[in-house]
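The values are calculated or read from the model by the stated rules, or taken from the named source; none is laboratory data. Fair warning: this is a prediction, and the values are worked out from it, not measured in the lab. Note that we place each Cβ from the backbone using ideal geometry, even for glycine, and neighbour counts take in every protein chain shown. We work out accessible area using only protein heavy atoms, side chains counted, and drop any ligands, DNA or RNA first. Shrake-Rupley method; radii C 1.70, N 1.55, O 1.52, S 1.80 Å.
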Amino acid sequence: MAESLAEQILLNFAIQDLVLEIRKPKAPVGLPFESVSVRIERSWHQVYLSLGSNMGDREKHLQNAVKELGEHPLIQVQQTADIIETESYGGVEQDKFLNTAVKMRTLLTAKELLKQIHDIEKEEGCTRENEIHWGPRILDIDIVFYDKEVYEDDALILPHVDMENRYFVLKPLSQLAPNFRHPILGKTVTQLLNALPEAK
């Protein structure tokens, strides 16, 4: 009940976060007490994504991904960067990429969002099995920033690994969040972009 109520409040009222406590007096518990309660804290999370494609109808793949993100009930797409064309990264010979970035907020956890992203990639025909590292992609979506969270496990690294060296990430992102500061490096997106040779 607490989770459902918190979700509905955040979705339907102009608030960023909340603390919700549900208290029940006279609960059927065989101990002396005044009441029992559940207390939760929930909030919107600010997220920046990087999207790229260099196979098939590249622009359509990017457009479909943004559309699918916006249709999720717990995601609100706030802004999409211009699409740019970039050379491939990592030394694998392949076609050029189209890249963009998305600014959004979500009630999903980072892991839940990652699963949703993988589902969208699969819908566009992308499978992560047997992919060539830094190879061609029908659609590639990465979580660049999730709030200011710093996190790492086998499936997810936040902020996105090596993003500070990737023009195709930083250039679109600088249009959406020029002053967003990397929580580890301490530099803004604009500062990171200007340090790259491609930006000079």
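Taking the conditions exactly as written (over 16 Å from L49 (Cβ atoms) and under 16 Å from the mean Cα position of the chain (by Cα)), does E164 satisfy them or not?
no
Is there a residue being at pLDDT 95 or above and in a loop (DSSP other than H, G, I, E, B) anywhere in segment 62-70?
Within segment 62-70 (the criterion being at pLDDT 95 or above and in a loop (DSSP other than H, G, I, E, B)), the answer is no, since none of the residues qualifies.
Starting from residues that are open to solvent by less than 50 Å² (accessible area, probe 1.4 Å) and either in contact with a Lys or Arg (Cβ under 8 Å, 6 or more places away or on another chain) or part of a loop (DSSP other than H, G, I, E, B) (or both), keep the ones in segment 148-161 and report whichever is farthest from T100 (Cα to Cα).
Ranking the candidates gives D153 first.
Test E164 against the stated conditions and say whether it is surrounded by 18 or more Cβ atoms within 10 Å (Cβ to Cβ) and closer than 21 Å to S88 by Cα.
yes
Can you pull out every residue in segment 167-200 that is out of contact with any helix residue (DSSP H, G or I) (no Cβ under 7 Å at 6 or more places or on another chain), among the basic types (K, R) and at pLDDT 95 or above?
Matches in segment 167-200: R181, K187.
When residues of segment 146-198 are filtered for being without any contact (Cβ under 8 Å) to a residue 60 or more places away in the chain and of a type in the set (A, V, I, L, M, F, W, C), how many remain?
Residues in segment 146-198 being without any contact (Cβ under 8 Å) to a residue 60 or more places away in the chain and of a type in the set (A, V, I, L, M, F, W, C): 14 in total.
Looking only at segment 1-20, which residues are loosely packed, with under 10 Cβ neighbours inside 10 Å, modelled with pLDDT of 90 or more and more than 30 Å from A177 (Cβ to Cβ)?
Listed by number, the list holds a single entry, S4.
Quick one: which of I138, I184 is closer than 16 Å to L51 by Cα, not aromatic (F, W, Y) and not in a helix (DSSP H, G or I)?
Testing whether each residue is closer than 16 Å to L51 by Cα, not aromatic (F, W, Y) and not in a helix (DSSP H, G or I) leaves just I138.
Please verify whether segment 22-33 includes one or more residues that are in contact with a Ser or Thr (Cβ under 7 Å, 6 or more places away or on another chain), within 27 Å of E149 (Cβ to Cβ), charged (D, E, K, R) and open to solvent by 60 Å² or more (accessible area, probe 1.4 Å).
No: zero hits.
Checking V102 against (1) farther than 20 Å from L69 by Cβ; (2) open to solvent by less than 50 Å² (accessible area, probe 1.4 Å); (3) in contact with a strand residue (DSSP E or B) (Cβ under 8 Å, 6 or more places away or on another chain): exactly one of these is not met. Which one?
(1)
For segment 109-121, how many residues meet the condition of being surrounded by fewer than 18 Cβ atoms within 10 Å (Cβ to Cβ) and either touching a helix residue (DSSP H, G or I) at 6+ places or on another chain (Cβ under 7 Å) or of a type in the set (D, E) (or both)?
2
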